Structures are given as structure tokens and as C-alpha cells.
1. Which whole number gives the average count of other chain Cβ atoms within 10 Å of the Cβ atoms across peptide A:152-162?
2. Using mean Cβ contacts within 10 Å as the protection proxy, how do A:104-110, A:134-140, A:119-125, B:71-77 order, highest first?
3. With θ taken as phi - 60° and the coefficients 6.51, -1.76 and 1.60, list the Karplus ³J(HN,Hα) couplings across the range B:49-63 in order, rounded to whole Hz; mark glycine and proline as x.
4. How large is the translational diffusion coefficient of the range B:2-83 in µm² per second when you combine the Kirkwood radius over alpha carbon pairs with Stokes-Einstein at 4 °C and 1.567 mPa s?
5. With a cut-off of 20 Å, note down the residues of the range A:132-152 whose backbone N falls inside the zone around a label point 7 Å from the Cα of A:SER111 toward its beta carbon.
6. If you average the alpha carbon positions of the range B:29-71 and of the range A:15-92, how far apart do those two centres end up, in angstrom?
7. If packing is taken as the average number of other Cβ atoms within 10 Å across a peptide's residues, how do B:61-68, A:203-210, A:31-38 rank, most packed first?
8. Which net charge results for the neighbourhood of A:VAL146, defined as the other residues with beta-carbon distances under 9 angstrom from its beta-carbon, given Lys and Arg at +1 and Asp and Glu at -1?
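Laboratory data are not the source of any read-out in this text; all were calculated from the coordinates shown. Just so it is clear, the model here is predicted, and its values are computed rather than measured. Here the Cβ positions follow ideal geometry from the backbone for every residue, glycine too, while neighbour counts run over all protein chains shown.
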Amino acid sequence: MGEAIVITSGKGGVGKTTTTANLGTGLAHNKHKICLVDADIGLRNLDVVLGLENRIVYDLVDVVEGRCRLRQALIKDKRYDSLFLLPAAQTKEKDAVSPEQMAELMGTLKSEFDFIIVDCPAGIEQGFKNAISGADRAVIVTTPEVSAVRDADRIIGLLEAAEVYDPQLIINRLRPDMVRRGDMMDIQDIIDILAIPLVGVVPDDESIIVSSNRGEPVVLDQRSRPGQAYRNIVRRLEGLEVPFMDLEQKTVMHRLRTLFGIGGKR
Amino acid sequence: MLDFIMKLFRGSDNSKDQAKERLRLVLVHDRASLSPGLLESLRGDLIEVLSKYMEIDEPGLEVDFDRSEDAVALVANIPVKRVKREND
Ligand SMILES: Nc1ncnc2c1ncn2[C@@H]1O[C@H](COP(=O)(O)OP(=O)(O)O)[C@@H](O)[C@H]1O
Ligand SMILES: [Mg+2]
């Protein structure tokens with residue numbers, strides 16, 4: 001029986017789709033059977049980030065409305081045989097899928113895949129509530145900005161109300177240089193405020209844009225720093241303890257290590 | 001030491017510190033809010049409890065959050081019609 005993980009955020013544009021593509025690809029690379037679900041109905045994006053946009057025939061709404069079988073809608077990845085995408089409908093309303101339909105779909109997918117990763121719409125409206133239905137775990141993505149962290153706080157409350165407990169945090173687009181200058185909140189500041197456990201920190205990096213231009217997730221690029229950050233998150237999702245990358249000053253790293261009970265340098 | 005001198009020149013108005021403080025205040029407010037549904041159910045419960053002791057003007061009852069700069073209070077305005085006697 002697999003696990004359904006939703007990738008959420010309050011604010012839009014903070015990196016949910018990028019995160020979904022990279023974690024899915026990274027998990028598939030590590031031999032897991034993965035299904036990515038683009039639940040951002042009306043704003044289909046995940047196909048493009050994965051470079052699969054030309055292969056789409058059916059979508060999520062076609063499946064739940066019975067216009068095709070699940071098998072027919074699943075698109076196999078170019079690189080990994082164990083990675084599939086269920087694309088979003090592009091022309092439907094945000095609430096074209098009900099919570100009951102979504103939960104049922106998750107149940108079906110969990111019997112076939114190790115992980116189902118759901119790319120959610122931003123915000124707190126019905127589309128979001130539909131997308132998180134049937135989820136086992138949630139990851140919240142934020143950037144180190146006031147508005148994004150504030151909106152992440154709302155999402156924590158809404159997830160709890162929907163009985164999705166113990167969400168984990170990804171801080172995306174961190175700029176170590178700005179943190180050092182005192183012009184960006186650091187990792188610890190954000191954890192203190194949101195009070196949920198951290199599962200990863202991804203630096204702001206041009207290679208993310210280059211890789212989405214190409215439709216090749218950066219997690220596959222061995223030399224890229226965000227690629228390394230995503231590989232670390234993948235291993236943490238697999239249940240391994242992986243030390244956090246040294247993106248900031250030593251002092252913060254030290255505080256983090258003590259916070260998570262991770263010993264000295266390995 | 002260098003840090004200290006830098007602070008002297010810049011004051012402590014790092015934009016990061018401003019971000020943290022503004023976030024703290026905004027979350028005090030955000031977190032102290034109930035959905036309209038919950039607020040309505042709180043109203044109902046209040047009326048039920050209070051009615052054991054007094055007759056209140058139900059439509060006139062107001063419950064809401066009072067938000068000041070950095071604290072939040074729940075304020076209720078409850079018009080009383082008649083207080084019950086011991087053996088009412
Ligand atoms: N760590 C990063 N560094 C640089 N650019 C990023 C990073 N993460 C995301 N982006 C860019 O930000 C934009 C929004 O990301 P996306 O994943 O589509 O967000 P969302 O799905 O939350 O709306 C995209 O153009 C993406 O390439
Ligand atoms: Mg998106």
C-alpha cells in the first residue's frame with residue numbers, strides 16, 4: 001500500500017510544481033513506483049516541467065468522470081519506467097473534482113504505486129480542499145518572505161481541519177548571501193514561526209529555470225546545488241536521516257543540528 | 001566585533017528583523033480568527049449557557065475579536081433583559 005503526499009502552499013508561485021517534479025523524479029530514480037498527480041486544474045504545469053506536454057491525451061477530470069480508464073490517462077515518463085503523470089485538465093473549473101472522487105482515486109493509485117505525489121493549487125479555496133482529499137501526508141512549500149510564510153501558516157490550520165496531520169516544511173529559494181547580510185529570514189526564523197519540522201531547504205538557483213526550460217528536472221543534475229537539495233529531500237521522504245546542506249553560516253547549521261539531534265559533521 | 005560595528009552603522013533595522021516582527025504581529029491576528037460558522041456556533045453556545053442565569057436579548061448579542069497592535073481579545077456585548085432569581 002502506497003502513500004499519498006500532497007505538495008501545498010498558501011501563496012502561488014513559491015515552487016510546488018518544481019518540487020513535485022523533482023521529488024517524483026528523484027524517488028523514481030531510487031526505484032520507487034511513483035505517480036504524480038497534477039491537481040492544479042485549469043493551470044496545467046507539471047507536464048511542461050517534466051517535458052511530457054506532447055503526450056497528453058486524457059486528464060484527471062476525464063478519469064474521475066469516467067470518460068477513460070485510469071491506465072489510458074497515465075503518461076509514462078521519458079526517463080523512468082516507474083514514473084507516471086496524471087495531468088490536470090486545462091479547460092475545466094477548479095472544482096471539477098470532488099473530495100470524494102479525489103479520495104477514491106488516491107485509494108486506487110495507492111494500491112499500485114509506492115508514492116503518489118499531488119501538485120496542489122495554491123490558496124485555501126475549494127480546489128485546494130479537493131486536492132488534499134485522501135492525502136496521508138503533506139509538504140508545505142514556502143519562500144523566506146513575509147507573505148509566503150504567513151500564507152503557509154494558514155495552510156497548516158486548513159490541513160489540520162482536513163485531518164491531514166504533521167505537515168513538513170520545504171523552504172525554497174533561499175539566498176544564503178542575503179541571509180548573511182541580514183536581509184532574508186533564515187531557516188531557524190521560519191521554523192520558529194511555523195513550528196513544523198523541516199524536510200528540506202532549496203537554494204534560489206538559475207539551474208532551476210534552465211532545467212524547466214529543458215523539461216529535465218534538476219534533481220538529475222549531479223553538479224547542481226538545488227539538485228543536491230532535492231536528492232536529500234528524497235532520501236528524507238524515504239525515511240533516512242540526512243544532514244542539512246551548509247547553505248548558511250555555520251552558526252545556523254549548528255543550531256539546526258542541535259534542533260534535529262543530528263550529531264557533529266559526518 | 002565586526003558585527004557590532006556593522007550594527008552601529010546600520011542600526012538594528014535589518015530588513016530580516018523587520019520581516020520577523022511584522023510576521024509575528026500579523027500571525028497573532030491571523031491565528032485568532034474563527035470561521036463564520038464557528039463564530040455562529042460560539043454565539044449559540046454562549047446564549048445557551050447565559051440563558052440559565054438571565055434572559056438576554058438574543059438578536060442583540062455581539063461576539064467578535066478586538067484586535068489591537070499586538071494582542072487579541074474576544075469581546076462580547078450581551079444585552080440583558082432580566083436576571084433570573086434563585087427559584088425562577
Ligand atoms: N529554487 C528556485 N530557484 C530559482 N527559481 C525557482 C526556484 N523554485 C522555483 N523557481 C521558479 O519559480 C517559478 C514558480 O515555480 P512553480 O514551481 O511553478 O511554483 P508553484 O507551482 O508553487 O506556482 C518557476 O518559474 C520556477 O522555475
Ligand atoms: Mg504550480
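1. 1
2. A:134-140, A:119-125, A:104-110, B:71-77
3. Here the 3J(HN,Hα) series is 5, 5, 5, 5, 10, 7, 8, 10, 7, 4, x, x, 6, 10, 10 Hz.
4. 80
5. Hits in the range A:132-152 for A:SER111 at 20 Å: A:133-136.
6. 46
7. The packing order, highest mean first, is A:31-38, A:203-210, B:61-68.
8. Taking every other residue near A:VAL146 into account, the sum is +2.
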